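Contents: one structure, followed by commentary.
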Amino acid sequence: QVQLVESGGGLVQPGGSLRLSCRASGSLFSRWHMGWYRQAPGKQRDMVATISNSNNTRYKEAVKGRFTISRDNDRKMVYLQMNNLKPEDTAVYYCHVEYQEYWGQGTQVTVSS
């Protein structure tokens, strides 16, 4: 019943920036812990960043200092600001409700010159 819809992916050059958005359904959004995950071809899905209902954040070591996760409870939105993108950031990025089995459909991020 919970739906998550990502947007904002695309093709960027190394060093560029993208802002991913996740729109969530569900009246309990403000209580959820949310996360962004990514999966590159032939690889496992990895946690990129998480944000709790009290705005505590955690990041994959490889993206620290470059990515920022945030949320807007009034709009039921989660964002991932990605700066100084690198080719190794290329993946499908997924929005996720922590501690639940709710996933978005994914949005493609490609970093290439």
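The values are calculated or read from the model by the stated rules, or taken from the named source; none is laboratory data. Note that the structure is a prediction, hence the values are computed from the model and not measured. Positions of Cβ are generated from backbone atoms using ideal geometry, with glycine treated the same way; all protein chains shown enter the neighbour counts. All accessible areas refer to the heavy atoms of the entire protein, side chains included, with ligands and DNA or RNA removed. Shrake-Rupley method; radii C 1.70, N 1.55, O 1.52, S 1.80 Å.
Largest mean-square fluctuation among SER70, SER54, SER21, in a Gaussian network model of the chain whose springs join Cα atoms under 10 Å apart, belongs to SER54. Taking each residue as 0.36 nm, the span from GLN3 to ASN83 lengthens on full extension beyond its C-alpha to C-alpha distance by 26.1 nm. Across the chain, the relative contact order, built from alpha-carbon pairs under 8 Å that are at least six residues apart, equals 37 percent. Restricting region 30-113 to chymotrypsin sites (Phe, Trp or Tyr not before Pro) that sit in a DSSP loop and have at most 16 other Cβ atoms within 10 Å of their own Cβ leaves TYR99. The 1.4 Å probe gives accessible areas that order LEU20, LEU11, largest first, as LEU11, LEU20.
Within straight-line reach of LYS43, meaning a Cα separation under 21 Å, sit the following lysines at least 8 residues removed in sequence or on another chain: LYS60, LYS64, LYS86.
When region 43-110 is described by a simple charge dipole with +1 on each Lys and Arg Cβ and -1 on each Asp and Glu Cβ, the residue from VAL78, GLN105, ALA62 located farthest towards its positive end is ALA62.
In the chain the longest region clear of trypsin sites (Lys or Arg not before Pro) that are loop-assigned by DSSP and have at most 13 other C-beta atoms within 10 Å covers 1-42. In this structure, the amide hydrogen of TYR102, modeled 1.01 Å from its nitrogen in the peptide plane, lies closer than 5 angstrom to those of VAL97, counting only residues at least 5 positions away or on a different chain.
Rounded to the nearest 20, the size of the Cβ-charge dipole of the chain about its Cα centre is 120 debye, with Lys and Arg at +1 and Asp and Glu at -1. Put VAL2, VAL63 in order of accessible area, highest first, and with a 1.4 Å probe you get VAL2, VAL63.
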